[in-house]
Amino acid sequence: MSGSQGGGGAGTHVDRFSIPVDTRAPGGTTNAYVVGTDETLLVDPAARTDTLDTVVREKVADHVAVTHTHPDHVGAVAAYAAETDATVWARRGYEERFADATGVTPDRTFVAGDRVGPATAVDLPGHAPDGVGFRTRNGVVCGDVAVAEGSVVVAAPEGDMRAYLTTLRRLHARDPPALFPGHGPRIDDPRGVCARLIDHRLARERAVLAAVRGGAADPDEVLEAAYEKDLTGVSDLARATVRAHVEKLAHERRVRWEASTGTVEAAGE
């Protein structure tokens, strides 16, 4: 089912629509957003629904953009762009990636700080290399950077754990009124959620490092030693996140990682 949720208070209105789509995220839905009233920005139209069709038709989307180009966020970009004659935006430097994912060549590009219709673009890399958000006075449409409950997959080789933690710290410092995530409900305590996600990632990092120092020699062995929960159905995502942790630790010279062989070992203290 699709639903909507206003941004609340004074500022640029943000409506959320929960779209059933093929996604690995819990709940099986991706959030699409319609930002603005007089001038509107459609963000992350993952698929078409009757409700979203009606809203886009009534509000006449002026702009279309995505927070990142993962398949579960882009499925209806082409259809809505064609039907509304909206301006299609992509993050500068990722135009080809955007076109490959959406089937649409962008009309315009943006960088952090640019206005994209009624919102302002902000860089939010880490979960995806082309990750961005759209800031309004009511909060930030943040894609897959944060979730109200649980954690976010940062899957190497595309996921970058250093960039992800930096993104969370910047959002924590910015302290927007709310976060509008790619999956799940609106986040009304951005600083608390960002702090929780940072703490979770640093705790996992400590477990990964302990596993390597204990003799785990590849991501599978690290996974077995560092995770205590049931990973049925998500072991591939957990393994890719372990690799992202290992790559961060290797950059910091706390482990030695050989990508060509997929082996890791403790670095000398």
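The values are calculated or read from the model by the stated rules, or taken from the named source; none is laboratory data. Here the structure is a predicted model, which means the values were calculated and not measured. Please note: Cβ atoms are built from the backbone with ideal geometry, for glycine as well, and neighbour counts cover all protein chains shown. When the accessible area is computed, the model is the full protein with side chains, heavy atoms only, and any ligands, DNA or RNA have been set aside. Shrake-Rupley method; radii C 1.70, N 1.55, O 1.52, S 1.80 Å.
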I'm trying to understand the selection: among the residues of the range 49-63, which are crowded, with 22+ Cβ neighbours inside 10 Å and either of a type in the set (A, V, I, L, M, F, W, C) or modelled with pLDDT under 95 (or both)? Leu52, Val56, Ala61
Does Pro129 qualify as being open to solvent by 10 Å² or more (accessible area, probe 1.4 Å), more than 26 Å from Gly27 (Cα to Cα) and either touching a Gly at 6+ places or on another chain (Cβ under 6 Å) or not aromatic (Phe, Trp, Tyr) (or both)? no
Among the residues of the range 29-48, is any part of a loop (DSSP other than H, G, I, E, B), in contact with a helix residue (DSSP H, G or I) (Cβ under 6 Å, 6 or more places away or on another chain), small (Gly, Ala, Ser) and surrounded by fewer than 20 Cβ atoms within 10 Å (Cβ to Cβ)? no
Within the range 114-128, residues out of contact with any helix residue (DSSP H, G or I) (no Cβ under 8 Å at 6 or more places or on another chain) and either under 16 Å from Thr241 (Cβ atoms) or not in a strand (DSSP E or B) (or both) come out as Asp114, Gly117, Pro118, Ala128
Whether any residue in the range 154-165 is open to solvent by 10 Å² or more (accessible area, probe 1.4 Å) and in a helix (DSSP H, G or I) is what I want to check. yes
Taking only pairs six or more apart or across chains, which ones have beta-carbon atoms under 7 Å, a first residue in the range 99-121 that is in contact (Cβ under 8 Å) with a residue 24 or more places away in the chain and farther than 13 Å from His68 by Cα, and a second residue that is part of a strand (DSSP E or B) and open to solvent by 50 Å² or more (accessible area, probe 1.4 Å)? Ala119/Arg135
Pick from the range 64-100 the residues that are small (Gly, Ala, Ser) and surrounded by 20 or more Cβ atoms within 10 Å (Cβ to Cβ): which of them is farthest from Thr51 (Cα to Cα)? Ala90
Please name all residue pairs, on different chains or six or more residues apart, with Cβ atoms under 7 Å, provided the first residue is in the range 124-135 and is aliphatic (A, V, I, L, M) and the second residue is open to solvent by less than 30 Å² (accessible area, probe 1.4 Å) and part of a strand (DSSP E or B). Leu124/Val132; Leu124/Gly133; Leu124/Cys142; Leu124/Gly143; Val132/Ala121; Val132/Val122
